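Just so you know, all these numbers are worked out from the coordinates, no wet-lab data involved. Here the structure is a predicted model, which is why all the values come from computation and not from measurement. FYI the Cβ positions are ideal-geometry reconstructions off the backbone, even for glycines, and counts take in every protein chain you see.
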Amino acid sequence: MAKRTIIDLFEGTVAQYGDKEFLVEKHGSKWDSTTYNEAKCEVLRIGAGLVALGIEPKQTISILSEGCNNWILSELGLLYAGAISVPLSIKLEESNDLLFRLRHADVVAIFVSQYQLPKIRRIKDQLPLLKHIIVYDDIALEEGEMSLESLKKMGDEVLAERKEEFLAIGKAIENDDYATITYTSGTTADPKGVVLTHRNYTANVEQAQSRITLPSDKRTLIILPLDHCFAHVCGFYIIIACGASVATVQVGKTPLETLRNVPVNIREVKPYYLLSVPALAKNFRKNIEGSIRAKGATTEKLFRFALKTAYEYNQDGYSKGKGWRFVLKPLVALFDKILFSKVREAFGGELQFFVGGGALLDAELQRFFYAIGVPMYQGYGLSEATPIISTNTYGKKQHRFGSSGQLIQPLDLRILDDEGREMPVGEKGEIVIKGENVMAGYWKNPSATAETVIDGWLHTGDMGYMGKDGFLYVLGRFKSLLISSDGEKYSPEGMEEAMVDKSPYIDQIILHNNQNPYTVAVVVPNKDALRKAVGADAAKAAELIDAEIRKYRTGGEFGEEFPDRWLPAALVIVDEAFSEKNGLVNSTMKVVRNKVEAHFKVRIDYAYTAEGKQLLNEKNLESLSKLL
């Protein structure tokens, strides 16, 4: 097999696109560009500086920082030094998750921003292996810390005296050498370190390009955290492979300030595509609809009619304009010109599409973004697959709402039942894949590796099926299945997404049935919407929430969407949101189902009693009274 490491990928692009813009970053009021040639110089200085510090091949180095040029340059630099990157989420708190990862990964050095540095200072005494703390920003440093500039100056000396010796380290890296240890978010268990090799990354980039290619003169703006492999592959390694350029969000003094910079930066950068997750997609939609409402009732009514017309014309994307609907094309074009094009200006005016990942994206959200002219193409993957497995994409019959798209190539996929038998097309089971993007294993966890990768096949733990149309349909986690008392199984995630997306009164919901007589829903209400509707009346609020759920029963507004038997027969209405603070939501904004069930176990058990099954039970009313 030909050698194809991340360094080989980067070197090839520098040779072809050296003078072209690679990195774009805002300083003050000005966006500054760094070319591929300039970036390589900085990467070599960082890598050589690490060698000067005594870093040896195969040692682990972390990055804990908001997204910025230095983040990307640091990872490339440490790879040139033969080290392994351990990217970390800035949302991690030092007391538990951060300390665990740094210890578990045997981290010897860390690149850190000024805003994350206090976390490291508070725990460094508990990290005997951590010898070097490299700070990006020009601030006062403590003993044991050094600035990035100081590291680069050390690198300059190495490059002046023994450059070829240093470059030999990068050239010696092979395809199967480890590139990153990416810790899973832990939606179903404690975090595991997913070991991804250089070839895992370059293979997944090549596979992704079988579905999506990017012009070299285009930009993206990474609005997701850089630590996840979704951002790695779709955010900057694909960019490198195509010779395109990548911008990062201007970092504010607080997370909220950074968040406020996102819409401003999108307009300024004018990205060709953006990465998104469902939580972000919902926020974008909420902001769009809010701005439409602010223009008055007439504009809002016209926008609703335009959406309805576009929905009818587009159908499921795959069947766009089919049959009699071709007559709607001029009307859709008119609405696009007078309404939707104005909405797109908020995204810079050049945005062609979103790449959606992270979790299942409700088909209704896909219809919305498709209608306004910036499709959100749902993909599917997981960290253990580096992460892309399938995706919808642009082009005729290349996307279908509700699906996770067509498989990247080359890749083998099977759908297996509980007994490990392969299921025919259209039959659901566990999604199992084989390809060069399958991880090397879990760091220091051979038993979990053996359970997950069997004879080269990655058992994803996700349930789905291959449609006759050639699209993959992902239904949710095997481990999150509702299991009735008679043993029948059903995935709850589609129901949960729909209920949150379509109800103004439900912020979060988890369905639970573990071989019980009926399903129970743990509901976090939207207190503002309830207050507006019923004031402080707890009983009326409970009935309003219940009415939203009953819409999905036979005869209801959404009565055809889900089987009645799996809809909740009892509600657990709580006054505590699922959040990162209480550990019920992970760093990628996914609800950690087993932790929610454990956290509210007493309330769930109560819902299986005669009294607790009643909607207006004392505990539901108590929770609502607190909220209202």
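Here are the numbers for this structure:
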read-out: Protection proxy ranking of 1-11, 44-54 - average other beta-carbon atoms within 10 Å, highest first; value: 44-54, 1-11
read-out: Phi to ³J(HN,Hα) by Karplus 6.51 cos²θ - 1.76 cosθ + 1.60 over region 413-430, Hz, x for Gly, Pro; value: 9, 10, 10, 10, 8, 4, 8, x, 8, 6, 9, x, 4, x, 9, 8, x, 6
read-out: Rounded to whole Hz, the Karplus (6.51, -1.76, 1.60) HN-Hα couplings of region 362-372, x for glycine and proline; value: 3, 4, 4, 5, 4, 4, 4, 5, 5, 5, 7
read-out: Taking T60, T519 and counting other C-beta atoms within 10 Å, the order from fewest to most; value: T519, T60
read-out: Spatial extent of region 289-413: Rg and Dmax, with the Cα atoms as the point set, Å; value: 15.9, 52
read-out: Vicinal HN-Hα couplings computed from phi for region 235-250 (Karplus, 6.51 cos²θ - 1.76 cosθ + 1.60; Hz; Gly/Pro x); value: x, 9, 6, 5, 4, 4, 4, 9, x, 8, 10, 10, 10, 10, 5, 4
read-out: Proximal charge balance of E422 [Cβ under 12 Å; K/R count +1, D/E count -1]; value: -3
read-out: Residues with amide H under 5 Å from that of G476, placed H, sequence gap 5 or more; value: M463
read-out: Top positive-direction residue, dipole computed over region 481-627 with Cβ charges, set H512, Y490, N586; value: N586
read-out: Sequence of V534, V522 once ranked by neighbouring C-beta atoms within 10 Å, starting from the fewest; value: V534, V522
read-out: Nearest-0.05 FRET efficiency for C41 and R162, computed from C-beta distance (R0 25 Å); value: 0.90
read-out: Helix axis angle, 255-269 relative to the chain longest principal axis, alpha carbon, degrees; value: 80 degrees
read-out: FRET efficiency, A539 to R565 (Cβ-Cβ, R0 30 Å, nearest 0.05); value: 0.60
read-out: Cα gyration tensor, region 6-248 - rounded (a/c under 1.5), prolate or oblate; value: rounded
read-out: Global form of region 63-151, assessed from the alpha-carbon gyration tensor, a/c cut-off 1.5; value: rounded
read-out: P(r) weight above 17 Å for region 576-628, C-alpha pairs, percent; value: 48 percent
read-out: Dipole magnitude of region 6-248 about its Cα centre (Cβ charges: Lys, Arg +1; Asp, Glu -1), debye to nearest 20; value: 460 debye
read-out: Members of K282/K396; K322/K397; K282/K308; K502/K590 lying beyond 21 Å, as alpha-carbon distances in this model show; value: K282/K396
read-out: MRE, 222 nm, helices only [DSSP H, n ≥ 4, -39500 (n - 2.57), over the chain, to nearest 500]; value: -11000 deg cm²/dmol
read-out: Cα gyration tensor, region 481-627 - rounded (a/c under 1.5), prolate or oblate; value: rounded
read-out: Where Rh is the Kirkwood radius over Cα pairs, Rg/Rh for region 13-67; value: 1.06
read-out: Amide H contacts of V585 (H built 1.01 Å from N, under 5 Å, at least 5 apart or other chain); value: S579, E580, V592
read-out: At R0 = 41 Å, FRET efficiency that the Cβ-Cβ distance of T299 and K468 yields, to 0.05; value: 0.45
read-out: Label-to-label distance, nm, for residues given as V264 and K613 (7 Å Cα→Cβ offset); value: 5.6 nm
